[in-house]
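Okay, structure first, notes after.
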Amino acid sequence: MTHTICQIITKLELGGAQQTTLYIVAHLARSRFRPVLISGEPGLLDDEAKALGGVEFYQVSSLVRQIRPWRDLRALAELTRLLKTLKPAIVHTHSSKAGILGRWAAWLAGVPIIIHTIHGYGISPSQPAWLRWLLIGLERLTGLITTHWIAVSEVDAVKGLRWKLFRRGAFTVIRPGVDTRSFQFPPLPEPDRDRLRAAWGVGRQHLLVGTVAPLKPQKAPQDFVAVAVRVCAQVPAARFVWVGDGELRPAVEAAIRRAGLEDRIRLAGWRRDIPRVMRALDLFLLTSHWEGLPQVLLQARASSLPAVATRAGGAAEAIVDGQHGWLCEPGDIDELAARVIHLLTDSAERERMRCCGGYIPDEFESRFALEKRVKLYDTLLATAGLAASADTGSTRSEQPVAR
């Protein structure tokens, strides 16, 4: 028997939750599962989703990230109608908005198993207290119709228990998973590395600090610029690059202009060759205010690239503080800048941290993380009394379609 499994996510931008979701639908064994992917507003990875062989892809344009009451009600109705047509055994939601609307649509459509993955909470100290409690209350209410939760970090699991979103035994910690092999092959040839850095106005004599992330509030790009301002005042060779794009680009460009650092801070836009980007950097910097488990830190670690990052979400589970890099409190610009300056001016310390990288525990590997998800699917299907396939294979042996 083949079970239909629907993954629902708000927007297929270039981010950890989105890449995890695409990996799941691309690698589920077709002999056992019928993978379906549903997303909302247009995103960078839409074409990649459409190109996946054996995956049904639907877009619900009314599903958007911003809170829009009437549009959200329309999205709920459209998702409910679609799920009634698809008749999935499991609906698995990702991201905050799709997590709420997708789970209620699944409940209204009579879906027997409803799973939600917490890729970090969209609830932060910067929000007004009333809004935080409203969002927590909404998550608690939606938790009543949720069969099982997945947390990508231990920190988020503890937070969910503290907020009474779920009880012990109703959640599993499963890492997002990264394809570490693509980050562990030998360094870029010097000519290729030079060309990539030159495209950002960076020469061999410079020390390049970079990040890979959407330009959105969660990632705190203005903090990145503020750190760069302090570092550039102390380290003449320092250069900075942000790989990614998003809603805050105009504000970030304005901050760079005000600092007079247009020649030292570059916004590179979206790129898909992230392993090459990591090899072009001398130091990785992550300024996020909140996270689930930042996959870019795992990618930096696999690339043997030292990192300075905020202790947001599961960052301390992705890298070891003082071994693969340094962790600071979110929003602590002075400490972040001091750590970056120290590593840029101490080549021996950078080399020590570089030598600590390269190895990633199996639990963070994409293929192992997928196997844990499939085992959870099987357990929940059996508990719901739905027949399991006799085929013991859980994942596809072939690689996903090349992009």
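Descriptive notes on the structure:
- Only Lys, Arg (+1) and Asp, Glu (-1) charged, at Cβ; the chain dipole about Cα centre in debye: 840
- Of all DSSP beta bridges in the range 155-308, antiparallel share, percent nearest 5: 5
- Computed over protein heavy atoms with a 1.4 Å probe, the accessible surface of the chain works out to 42 Å² per residue.
- Calculated [222 nm] ellipticity per residue, helices only, for the chain: -12500 deg cm²/dmol; basis is -39500 (n - 2.57) per DSSP H run with n ≥ 4, divided by all residues, nearest 500.
- Qualifying lysines (Cα of each under 24 Å from Cα of K375; at least 8 residues distant if same chain): K87
- Restraint check, K164/K219; K11/K219; K11/K97; K97/K216, Cα-Cα greater than 18 Å: K164/K219
- Model label zone, F368; criterion: amide N under 19 Å from point 7 Å along Cα-to-beta-carbon; scope the range 139-165: 151-155
- Other-chain or far-sequence residues with amide H under 5 Å of V308's (modelled H): F284, L285, L286, W326
- Cβ crowding within 10 Å averaged over residues, with 53-61, 239-247, 71-79, 283-291 ranked highest first: 283-291, 239-247, 71-79, 53-61
- Rounded to the nearest 20 debye, the dipole magnitude of the range 325-375 is 380 debye, with +1 charges on Lys and Arg beta carbons, -1 on Asp and Glu beta carbons, and the Cα centre as origin.
- Within the range 88-213, the percentage of alpha carbon pairs spaced more than 21 angstrom apart rounds to 55%.
- Dimensions (Å) - the range 1-138, Cα atoms, principal axes, largest first: 48, 31, 22
- The range 70-112-the range 1-57 distance, computed between alpha-carbon centres (Å): 15
- Beta bridges per DSSP with both ends in the range 238-340, % antiparallel, nearest 5: 10
- Taking amide hydrogens as placed 1.01 Å from N in the peptide plane, the amide H of D179 sits under 5 Å from those of S366, each at least 5 positions away in sequence or on another chain.
- Only Lys, Arg (+1) and Asp, Glu (-1) charged, at Cβ; the range 90-208 dipole about Cα centre in debye: 340
- The distance from the alpha carbon centre of the range 331-346 to that of the range 143-184 is 31 Å, rounded to a whole number.
- Two-site FRET efficiency, A254 against S126, from Cβ-Cβ distance with R₀ of 22 Å, rounded to 0.05: 0.65
- Angle between the chain longest axis and helix 221-234 axis [Cα atoms, degrees, rounded to 10]: 20
- Note on the chain: along the principal axes its Cα atoms extend 64, 48, 36 Å, ordered by decreasing extent.
- Rolling a 1.4 Å probe over the protein heavy atoms of the chain, with every protein chain left in place, gives an accessible area that is 55 percent carbon and sulfur.
The values are calculated or read from the model by the stated rules, or taken from the named source; none is laboratory data. Remember, it's a predicted structure, so these values are computed and weren't measured experimentally. We place every Cβ from the backbone using ideal geometry, glycine too, and count neighbours over all the protein chains shown. Accessible surface areas use protein heavy atoms only, side chains included; no ligands, DNA or RNA. Shrake-Rupley method; radii C 1.70, N 1.55, O 1.52, S 1.80 Å.
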